[in-house]
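To start, the structure under review is shown below, and the notes come after it.
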Amino acid sequence: MTRPAKPRPQRLILWCIVALAVALILLRLFVFVHHVRSGHRRYVAAVPLTMRTSAAHRFGDAAEWTDSYGDGTPEFLRLRDPADQAAFRRWFTLIADYQAIRPKSEAPPEITDCASLLRYAYREALKRHDGAWFRDTGMEVAALPGEIRAWRYPETPLGAGLFRVEPGPFEPGDATDGTFAQFADAKRWWSAMPTL
């Protein structure tokens, strides 16, 4: 007995997710190698997170407005806590998987291709996951994967501008000159990536 073939759109979405996962792994390896070659002894993921609520972490601190790796990500957007890193990965995966299998008529209208699915999952993983969020997204999860404690999107000095769309190291003026945007296509992401 042969298994029925998956519908073509579902296979395409599955392949897009697999391709994205491979691309993210390669990008992470690229950044890691770049930092090792640059003489950095420790690696801190440059995954933006949401706003720290503790008084100890203030965006006004001069050190938070620097870019220690020269990769274009300000310190206030870096994910330092391993628990936050794990929570981000779990939320990102849950959201992407959930949206990928939903019927197109039920998915958010902004999700039209693989890139928009990834942008959506990335942004939503960084938000507060409370009752209002679950109502708005229609998502259901068997067990909560934990919350990111650092900060929440879009509560940063960059506002909703989560994606760096211009190349180069971070400068304080980047916060207001259009270097960060709510949307970035693959071409702009690639041009903004640090080079070896």
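So here's what we get for this one:
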| read-out | value |
| --- | --- |
| Reduced Cα scattering model of region 95-147, Debye log10 I(q)/I(0), q = 0.27, 0.29, 0.30 Å⁻¹ | -1.26, -1.40, -1.45 |
| Spacing of the two label points (7 Å from each Cα toward its C-beta) at Arg102 and Arg11, in nm | 2.5 |
| Peptides ranked, highest mean first, by Cβ atoms within 10 Å: ranges 146-157, 96-107 | 146-157, 96-107 |
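Bear in mind these aren't lab numbers, they're just calculated from the coordinates by the rules spelled out. Keep in mind it's a predicted model, so treat the numbers as computed, not measured. Please note: Cβ atoms are built from the backbone with ideal geometry, for glycine as well, and neighbour counts cover all protein chains shown.
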